[in-house]
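The structure appears right after this line, and notes come after that.
The values are calculated or read from the model by the stated rules, or taken from the named source; none is laboratory data. A quick note: this is a predicted structure, and the numbers were derived from the prediction, not measured. Virtual Cβ from ideal backbone geometry, glycine too; neighbours counted across all protein chains shown. With ligands, DNA and RNA removed, areas are computed over all heavy atoms of the protein, side chains included. Shrake-Rupley method; radii C 1.70, N 1.55, O 1.52, S 1.80 Å.
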Amino acid sequence: MSQPIRITLDGDEIEVAPDLPLTSILMERAPGWRESPRLQARRGMFCGMGLCFECVVEVDGQWTRACMERSRSGMEIRTADQRRSAGGGHV
Amino acid sequence: MSEPQTHFRTDEGAVAQILDCDIAIVGAGPAGLAAGEAAAGTGARVILLDTFAAPGGQYSMQPTQGDSPFTDTPAVRLAREATARLAARGVQILTRAEVFHAAKRQDGSFRLAVSQQGAARVIRAGAVIAATGAMERPLPFPGWTLPGVIGAGAAQRLLKTGTGSLGPQGKTVLAGSGPFLFAVAQTFAKAGAPLDHLVEMRRPGVREALGLFLAHPSRLPEALRLMADLKASRARRHSGHMVTRALGTTCLEAVEIAPLGPDGQPGMAAARVLDGVGTLAIGYGFQPVVDLTTQLGADHGHDPALGGFYCQTGADGGTSLAGLYAAGETCGLGGANPARLSGRIAGLSAARGLGFAAAPDETAIKALRRARDFAARLAALWPAPQRLPLSLPPDELICRCEDVRVTDIRAAIQDGAREAMAVKLWTRAGMGPCQGRICGAGLSAVLEEAGVTAIAAGYNRAHLPLRPTPIGIVRAAMASGEWDI
Ligand SMILES: Cc1cc2nc3c(=O)[nH]c(=O)nc-3n(C[C@H](O)[C@H](O)[C@H](O)COP(=O)(O)OP(=O)(O)OC[C@H]3O[C@@H](n4cnc5c(N)ncnc54)[C@H](O)[C@@H]3O)c2cc1C
Ligand code: FES
């Protein structure tokens, strides 16, 4: 195993393996991390291959598919959980 | 909100990089890799690009963790070795590169707009090979949008490219129909991830299986290995059953299953609930990815045995649009062998079409016929359900992107929408980021309830951007002066 790296997930600093699909990290916590636009229903990874856009998160302020991104040292991930507690908009 | 683009930073003033080649190949699965090798061998300048971080597509997806049990499987090696050969031949391989727009110019050449890790690129090509593969063909059922309900292919990808665990606590259920379920069960066994239940609609009889392997004996060892690994997974096998509901409040908690009667309908009197479920991985089959080829305007056919709408090609891999070729599962489901062979054929044809010396490979053409025959016989053992034998409650969602319910769609059909396109304009189903890739099968099932066949319903022709793309990148690519106006 390579050395773990530190990333920020919804404000918490955590240690993860480098180059891991973000869906691996997020599924480990809870399978729903996004809110649907109209019903505000919980959603998460569905297709796992970049085509459904159900897994979207913000990485360093950019809207992106969690299933297509890999963990890098210092990256900051925001999901609907943080936006909800911060009262901000949603993805 | 529902406009994903607004969440991107817009890099005003960004300029697209222009890349030149003879042949651009979209998709680096078995088909694209074989096409690249064949085309580059004729001396053509080739660009091969793929959205994923490494070439391989579905069949040969590459693990990310050094200690993964999947680092040295034959499938993984296949892509790794092909990639090395391509690089040695000077093929330019772009990874994490997604085509979001394509056009053919009046001079006969093609342009592809590509988003690659925050940068815009425009590819100029004399010919294009679409090797965009296949994806799951999701059929909606009650509770299918609950977090924890994922595609069977998503489970496989997570196990192969992640830590080897799916994550959620609780039991794991694998369900659906078709031989792919066994491949996924095998992935669970190899990853050492627990699989508790396998729920399959149909289990072909011994006699049917015998017919298949008498015709294609060389495929038997692989099938026996799959069955052995399925046993090793220790999953409880519920044959002739289907999932009738996913249950939970904010995420999946339980799964209801029921046996199928002789009429093919679930017998709800005998339904039971599997409790304490964390993940339901479900798949009823695949469909070709045809966004690139529909956008370019090539002809498409419809055949349930090939996964629904597929891009039509001649024996040389050429589509109805001169200079556009298609290979692999874009032309219909079939698996890795037909993909590799059709890739080689298309690669040679595309080069020949541009004047490079490339004789057709008659052996590959013959082998492709045989490989497709195996695929067709295998598929016939598990006819893909065209719609779920379940009536959906009015509130169930069909379109996940825009939260459009069954009842909204039924109302639109009642009001006169008789095509996928009309339903989309009426209800927004298919207008979200997935562009109908996810809701297409569900939508056509609801149209079918009203007597509209899949062919009459038609497909959503994909449009710019094929995939949501940062607005700054779209602007940079479109401002490049490379497009006919
Ligand atoms: C989810 C899933 C799992 C599968 N698992 C197996 C398995 O375990 N074993 C098996 O034998 N068969 C499997 N198959 C069948 C499999 O698709 C074929 O065996 C084989 O991978 C087909 O090869 P291909 O080259 O046609 O397509 P693929 O391997 O699917 O490759 C297509 C590639 O095109 C890329 N692409 C598509 N559109 C774009 C775009 N706009 N821009 C950039 N890149 C793009 C994709 O990212 C993908 O990498 C699976 C299929 C699916 C859908
Ligand atoms: S899970 Fe479908 S796009 Fe990521």
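Quick notes on this structure:
- Scanning segment A:46-58 for residues that are within 13 Å of ligand 2 (Cβ to nearest atom) and either part of a strand (DSSP E or B) or among the polar types (S, T, N, Q) (or both) yields A:V56, A:V57.
- Scanning segment B:272-290 for residues that are among the hydrophobic types (A, V, I, L, M, F, W, C) and more than 16 Å from ligand 2 (Cβ to nearest atom) turns up B:V273, B:L274, B:V277, B:V290.
- Among (1) within 23 Å of the chain's Cα centre (by Cα); (2) surrounded by fewer than 21 Cβ atoms within 10 Å (Cβ to Cβ); (3) assigned to a loop (DSSP other than H, G, I, E, B); (4) charged (D, E, K, R) - the single one B:E448 does not satisfy: (3)
- Of the residues making up segment B:34-69, those that are within 14 Å of chain A (Cβ to nearest Cβ), surrounded by fewer than 22 Cβ atoms within 10 Å (Cβ to Cβ) and without any contact (Cβ under 8 Å) to a residue 60 or more places away in the chain number 4.
- Residue check for B:L146: open to solvent by 20 Å² or more (accessible area, probe 1.4 Å), assigned to a loop (DSSP other than H, G, I, E, B) and modelled with pLDDT of 95 or more: yes
- Residue match in segment B:315-332 (condition: in a loop (DSSP other than H, G, I, E, B), within 16 Å of ligand 2 (Cβ to nearest atom) and crowded, with 22+ Cβ neighbours inside 10 Å): no
- Extreme residue, farthest from the other protein chains (Cβ to nearest Cβ), among residues of segment B:451-464 that are open to solvent by 30 Å² or more (accessible area, probe 1.4 Å) and assigned to a loop (DSSP other than H, G, I, E, B): B:G451
- Scanning segment B:197-230 for residues that are of a type in the set (D, E) and open to solvent by 50 Å² or more (accessible area, probe 1.4 Å) gives B:E208, B:E222.
- Residue-level check: of (1) within 16 Å of ligand 1 (Cβ to nearest atom); (2) more than 18 Å from B:Q62 (Cβ to Cβ); (3) within 14 Å of chain A (Cβ to nearest Cβ); (4) not in a loop (DSSP other than H, G, I, E, B), B:T172 misses just (1).
- Counted residues, segment A:21-39 - those being within 7 Å of chain B (Cβ to nearest Cβ) and either buried (at least 22 other Cβ atoms within 10 Å of the Cβ) or over 23 Å from B:L159 (Cα atoms) (or both): 10
- Residues in segment B:70-110 that are open to solvent by less than 20 Å² (accessible area, probe 1.4 Å), within 17 Å of B:I473 (Cα to Cα) and more than 14 Å from every other protein chain (Cβ to nearest Cβ): B:L94, B:A102.
- Selected residue (only one of A:R70, A:R42 is at the interface with chain B (Cβ under 7 Å from one of its Cβ atoms), within 16 Å of ligand 1 (Cβ to nearest atom), basic (K, R) and touching a helix residue (DSSP H, G or I) at 6+ places or on another chain (Cβ under 9 Å)): A:R70
- Only a single criterion out of (1) under 22 Å from A:Q40 (Cα atoms); (2) surrounded by fewer than 22 Cβ atoms within 10 Å (Cβ to Cβ); (3) at pLDDT 90 or above is not satisfied by B:M431, namely (3).
- Taken over segment B:175-192, the criterion of being among the aliphatic types (A, V, I, L, M), within 14 Å of another protein chain (Cβ to nearest Cβ) and out of contact with any Gly (no Cβ under 6 Å at 6 or more places or on another chain) is satisfied by B:V184 alone.
- Filtering B:A380, B:A327, B:A358 for residues that are closer than 29 Å to B:S444 by Cβ, at pLDDT below 95 and not polar (S, T, N, Q) leaves a single hit, B:A380.
- Taking the criterion of being surrounded by fewer than 22 Cβ atoms within 10 Å (Cβ to Cβ) and part of a loop (DSSP other than H, G, I, E, B), the residues of segment B:390-416 that qualify are B:L390, B:S391, B:P393, B:P394, B:D395, B:E396, B:D403, B:D415, B:G416.
Table: residues versus (1) of a type outside the set (A, V, I, L, M); (2) open to solvent by less than 10 Å² (accessible area, probe 1.4 Å).
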{"site": "B:M242", "(1), (2)": "no, yes"}
{"site": "B:E256", "(1), (2)": "yes, no"}
{"site": "B:G261", "(1), (2)": "yes, no"}
{"site": "B:A270", "(1), (2)": "no, no"}
{"site": "B:T294", "(1), (2)": "yes, yes"}
{"site": "B:H300", "(1), (2)": "yes, no"}
{"site": "B:D303", "(1), (2)": "yes, no"}
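- Restricting attention to segment A:45-63 and to residues that are on the phi < 0 side of the Ramachandran plot and within 16 Å of ligand 1 (Cβ to nearest atom), the residue that is farthest from the other protein chains (Cβ to nearest Cβ) turns out to be A:C55.
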